[in-house]
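Encoded as structure tokens, the structure appears first; notes follow it.
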Amino acid sequence: MFKIIEARFLAENIKLFEIEAPRIAKKRKAGQFVIVRIHEHGERIPLTIADSDVEKGTITIIVQGVGKTTRELNLKKKGDIILDVVGPLGQPSHIENFGTAVSIGGGVGTAIAYPTAVALKQAGNYVITINGARNKDLVILEEEMKAVSDEAYITTDDGSYGYHGFVTDKLQELIDQGKKIDFVLAIGPIPMMKAVADVTRPYGIKTVVSLNPIMVDGTGMCGGCRVLIDGKAQFACVDGPEFDAHKVDFKNLADRNKMYHKYEQEALKHFEEKCKLTEKINTLEQAE
Amino acid sequence: MNQLTPKERMKIPRHSMIEQDPAERSRNFSEVNLGYTPELAIEEAQRCLQCPKPTCVAGCPVNIQIKDFITLIAEGDFIGAVKKIKEDNALPAICGRVCPQEEQCEEACVVGKRGEPVAIGYLERFVADYERESGKIDVPEVKVSNGKKVAIVGSGPAGLSCAKDLREKGYEVTVFEALHELGGVLVYGIPEFRLPKEIVRTEIDGLKRMGVKFETDAIIGRVFTVDELMEEEGYDAVFLGVGAGLPWFLGIEGENLNGVYSANEFLTRVNLMKAYQFPEYDSPILDCHNKNVAVFGGGNTAMDAVRTSLRLGAKNAYIVYRRSEKEMPARVEEIKHAKEEGVQFMLLTNPVRLIGDDEGWLKGMELIKMELGEPDESGRRRPIPIEGSNFTVDIDVAVIAIGNGPNPLVTQTTPEIETSRRGTIVVDPETMKTSKKGVFAGGDIVTGGATVILAMGAGRKAAAAIDHYLQNGAW
Ligand SMILES: Cc1cc2nc3c(=O)[nH]c(=O)nc-3n(C[C@H](O)[C@H](O)[C@H](O)COP(=O)(O)OP(=O)(O)OC[C@H]3O[C@@H](n4cnc5c(N)ncnc54)[C@H](O)[C@@H]3O)c2cc1C
Ligand SMILES: Cc1cc2nc3c(=O)[nH]c(=O)nc-3n(C[C@H](O)[C@H](O)[C@H](O)COP(=O)(O)OP(=O)(O)OC[C@H]3O[C@@H](n4cnc5c(N)ncnc54)[C@H](O)[C@@H]3O)c2cc1C
Ligand code: SF4
Ligand code: SF4
Ligand code: FES
């Protein structure tokens, strides 16, 4: 049982939680994640540890409501309980002083990239951050990112804020300007990570992505999280989640992540109907 | 009962298990075996010849006093019988269900030399169930605390039995488990229809009532290393019962297609995450209704997976195994049950590749016929592919059940613990001591995938050695 100490929305549908988990807080390193199960009937889902506070004994997660479990989680408030939180899982990010390091985050990927950007800064890198969102309202962690960056850029698909375009457009621009880039970390939707890999490949820039396959246990026991790296299967939960972007089979990952599409839709529909019903009952009760 | 002569005893036919009807059970998750009635149990017990030198006992890896407990059953003292078993086996309701009896106690029973052996496993199961259902389970007496702390890593049969023995001796015992549920393979691997989870829960409740502490969601090697358990958390000794939970794949083309599972994932989704009750439970599993499902392998895990697929609605459920039925490592009863339920066996057949469509979904498998050559190191005849015998079969779901290796989470973070080339932990077979002072190991992490009873025996052996070590301090 893990208590929520703090909960607030960062943007529509994206919520930050600070959770009491002293042991994990003490041990976690940048790039690692936890697996969360909200209740007895719940699914186990992986979420990156965005931050931690050893003194307070808390970890921070940032959750985008994309389906049943994440939306249900985002209904939780300060003081509520999460049934299971297990971690820290996965290999920590490989951090060294590369020289100039670019951290690229797309959507909620910004939250996942944040701790690694911090670590890259601490290791002495010149840190450039490029964070993309569909529009201005969906930009998250702007201040936090600025604080760890030597140069910070925000891109929006619709141009409502910052640079008008995709994160890869900005990255290409930096390269074209002759900026010597030694390392790129890219975290976000699969098409974005693939696009970043395609941009850096011709220049031979070392590029790392954090992969998000479907997981169950997170301990190497089920093999459901296997991804193809250089044609060979690796378990993202124990061998990753970070891998060399130029060796990842993104098509296989994208295909595999669609495996339960039908069921996810069904679960979400059930959930939304249930939410509506609860809402109705609440309004009726209030009317009485 | 003393009126019966050995001849008369030999004349009593072995009582078969009362089972759910195959057609019905292959579509539900309730237990297949329904158990003996008291009358059947007494009659079956009368088949035992009360051998002066009972060979059956040597056949049991933990040397249960089989003759004695069967005598008590024949006298109608079921509770006495279960107490007798529990002197050597902490988990009789479980072992009575899942032990490969035909290769162990029953194989060694003299009655079996001329007919069918005494149904030792069924009798063991009967008295354990009788005790549980009567609600009269005794909580074993626990000695006053001796102030020493032992950490048990893993809540499978090895960890549970080690915890029980140490607690009885007065140690402060904490079990750390990575998953959110306790029981190891007993809860995430072996299906409900073979081992109801209620039984595992009852056993664990018993341990809790004895004062064993349990911490779920606690991965050793991550929240604490073994060194930290001993140096910072104050544990005087550590037992590693972390099992062999790393699934092997075949290494053939197409294994990453949608629809291809490891047996661990397939069974975990169904058993631990209750995916067969989706959407009441949130974890999904691919719908097998009217689908063709192929399971690769011939062990208990393969039988569990294939029979689970039938219960999920599969139209055709295949076992693809590269040797013949004789070489199958699964329990004889599981193979029999699988056949009765309609599983189709493709023997002497091996997968060559899995075939997919453009969107990455599994569509079929290419197989090749095999023949048996000379025996290999394992003593089983080596399967050799018959060139040109390839053929394909349409399938929608494939489950790979060719075994598991040791999970390196603990050993990676504690390099002082010596491992074998295969990654299993090396121990002294008498004391279960590892190469690191104060650390013991047992069960599948030492042997590689084996059996519940061997894991349990190892846990008990380690408990005795831990007690010895902590009482006199010598390593
Ligand atoms: C290592 C890792 C770190 C992650 N960190 C974060 C994070 O910090 N913040 C965040 O918002 N999201 C993160 N995710 C993604 C998050 O786990 C999924 O969004 C979540 O599982 C979706 O569950 P759902 O029931 O809400 O949605 P669903 O409707 O069930 O699924 C939506 C999509 O999420 C993916 N998904 C579904 N089930 C799982 C599962 N059990 N495991 C992994 N992916 C799944 C699938 O691609 C699916 O198409 C991370 C994923 C991984 C693998
Ligand atoms: C599907 C299936 C069917 C089987 N059928 C039979 C059968 O019919 N008869 C039979 O005798 N045997 C059977 N077996 C084999 C038997 O289940 C195993 O030999 C036995 O469970 C091994 O016990 P164990 O205690 O060593 O490990 P496990 O039961 O594997 O338990 C190990 C536990 O340790 C936990 N763990 C691992 N790493 C860590 C860590 N770092 N920190 C904390 N916890 C950790 C795991 O989550 C797990 O719960 C079957 C196995 C499978 C998979
Ligand atoms: S524990 Fe297993 S081998 Fe031993 S008597 Fe019971 S069923 Fe037979
Ligand atoms: S060997 Fe068979 S007949 Fe003899 S004591 Fe054992 S169970 Fe009874
Ligand atoms: S999530 Fe099960 S092995 Fe990675």
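The values are calculated or read from the model by the stated rules, or taken from the named source; none is laboratory data. The shown structure was predicted, so the numbers you read here are calculated from the model rather than taken from an experiment. Heads up, the Cβs are rebuilt from the backbone with ideal geometry, glycines too, and the neighbour counts pull from every protein chain shown. Quick note on the areas: whole protein, heavy atoms, side chains included, nothing else; ligands and nucleic acids left out. Shrake-Rupley method; radii C 1.70, N 1.55, O 1.52, S 1.80 Å.
Side notes on the structure shown:
- Look at the dipole of the stretch B:337-386 built from charges on Cβ: of B:I386, B:G342, B:L354, the Cα furthest out on the positive end belongs to B:I386.
- Backbone N atoms of the stretch B:398-428 closer than 20 Å to the 7 Å Cα→Cβ label point of B:D376 belong to residues B:400-406, B:421-424.
- Bridges between two residues of the stretch B:247-400, per DSSP, are antiparallel at a rate of about 45%.
- log10 of Debye I(q)/I(0), alpha-carbon scatterers only, for the stretch B:310-371 at 0.12, 0.13 Å⁻¹: -0.38, -0.44
- Packing-based order for B:338-347, B:76-85, using average beta carbon neighbours within 10 Å, highest first: B:76-85, B:338-347
- The stretch B:275-322: trypsin sites (Lys or Arg not before Pro) in DSSP coil with no more than 14 other Cβ atoms inside 10 Å: B:K315
- Eligible aspartates and glutamates near A:K274 by straight Cα distance, threshold 17 Å, same-chain separation 8 or greater: A:E72, A:E264, A:E266, A:E285, B:E280, B:D282
- Charge tally in the Cβ shell below 12 Å around B:E340, where Lys, Arg are +1 and Asp, Glu are -1, B:E340 excluded: -2
- Set A:K27/A:K56; B:K164/B:K213; B:K149/B:K437; A:K76/B:K213 screened for pairs whose C-alpha atoms are more than 18 Å apart: A:K76/B:K213
- Here the dipole of chain A is about 540 debye; that uses its Cα centre as origin and unit charges on the Cβ of Lys and Arg (positive) and Asp and Glu (negative).
- Inter-label distance, B:Q3 to B:E141: 3.9 nm, where each label sits 7 Å from its Cα along the C-beta direction.
- P(r) histogram, all alpha-carbon pairs of chain B included - 20 Å bins from 0, percent: 23, 54, 23, 1
- Accessible surface, per residue, of the stretch B:407-475 when the full set of protein chains is kept, probe 1.4 Å, Å²: 45
- Counting only protein heavy atoms and a 1.4 Å probe, the stretch A:2-89 has 40 square angstrom of accessible area per residue.
- Of the three principal axes defined by the Cα atoms of the stretch B:6-134, the extents in descending order read 46, 30, 26 Å.
- Measuring between alpha carbons in the structure, the pairs from B:K197/B:K291; A:K136/A:K269; A:K3/A:K146; A:K26/B:K86; A:K26/B:K143 lying more than 32 angstrom apart are A:K26/B:K86; A:K26/B:K143.
- Of B:W475, B:W361, the residue with the largest accessible area leads and the full order is B:W475, B:W361 (1.4 Å probe).
- Ligands, DNA and RNA left out, the accessible area of the stretch B:6-134 computed with a 1.4 Å probe is 52% carbon and sulfur.
- DSSP-loop GluC sites (Glu not before Pro) across the stretch B:113-215, with at most 14 other Cβ within 10 angstrom: B:E141
- In the A-B interface, the accessible area buried, summed over both sides, Å² (probe 1.4 Å): 3900
- A viscosity of 1.567 mPa s and a temperature of 4 °C, combined with the Kirkwood radius over C-alpha pairs in the Stokes-Einstein formula, give the stretch B:382-475 a diffusion coefficient of 81 µm²/s.
- Environment charge of A:K280, counting only residues whose C-beta is closer than 11 Å and scoring Lys/Arg +1, Asp/Glu -1: -1
- Note: the stretch A:2-89, Cα convex hull, 81 Å³ per residue.
- Carbon + sulfur, % of accessible area of the stretch A:2-89 - ligands and nucleic acids excluded, 1.4 Å: 49
- Across the stretch A:100-254, Cα-Cα distances exceeding 23 Å account for 35% of all pairs.
- Listed by chain and number, the lysines whose alpha-carbon sits under 16 Å from that of A:K206, ignoring those within fewer than 8 places in the same chain, are A:K179, A:K180, A:K194, A:K247.
- Among the chymotrypsin sites (Phe, Trp or Tyr not before Pro) within the stretch B:260-302, not one is in coil by DSSP while having at most 11 neighbouring Cβ atoms inside 10 Å.
- Charges were assigned to the Cβ only: +1 to each Lys and Arg, -1 to each Asp and Glu. The resulting dipole of the stretch A:2-89 about its Cα centre is roughly 140 debye.
- Of the listed residues B:D282, A:D249, the order by accessible area with a 1.4 Å probe, largest first, is A:D249, B:D282.
- Shape parameters for the stretch A:19-159, alpha-carbon atoms, Rg then Dmax in Å: 15.7, 47
- Expressed to the nearest 5 percent, the antiparallel share of DSSP beta bridges inside the stretch A:161-288 is 65 percent.
- Label-reachable residues, the stretch B:348-391, where backbone N falls under 11 Å from a point 7 Å from A:K251's Cα toward its Cβ: B:358-360
- For the protein assembly as shown, the share of alpha carbon pairs falling in successive 10 Å distance bins from zero is 3, 13, 21, 24, 20, 12, 5, 2, 1, 0, 0 percent.
- Distance in nm between pseudo-label sites at A:E173 and A:N13 (7 Å out along the Cβ direction from Cα): 2.6
- For the stretch A:107-167, the fraction of alpha-carbon pairs in successive 5 Å shells from zero, as %: 4, 22, 30, 23, 13, 6, 2
- Extreme residue, positive dipole direction of the stretch B:292-376, given options B:M370, B:Y321, B:T308 (C-beta unit charges): B:T308
- Highest mobility in the GNM of chain A, judged by mean-square fluctuation with C-alpha springs under 10 Å and restricted to A:L138, A:L16, A:L174, is found for A:L174.
- Taken about its Cα centre, the stretch B:36-193 carries a charge dipole of about 560 debye when Lys and Arg each add +1 at the Cβ and Asp and Glu each add -1 at the Cβ.
- When the Gaussian network model of chain A links Cα atoms closer than 10 Å, the mean-square fluctuations of A:G31, A:G107, A:G159 top out at A:G159.
- Residue (of A:L16, A:V66, A:S52) at the positive-pole extreme of the stretch A:2-89, dipole from beta-carbon charges: A:S52
- Accessible carbon and sulfur surface of the stretch B:247-400 relative to its total accessible area, %, 1.4 Å: 47
- Only Cα sites of chain A enter the Debye sum here, all with the same form factor; the resulting log10 I(q)/I(0) across q = 0.13, 0.16 1/Å is -0.91, -1.36, listed in q order.
- Length-normalised contact order of the stretch B:119-225 in % [C-alpha pairs under 8 Å, at least 6 apart]: 28
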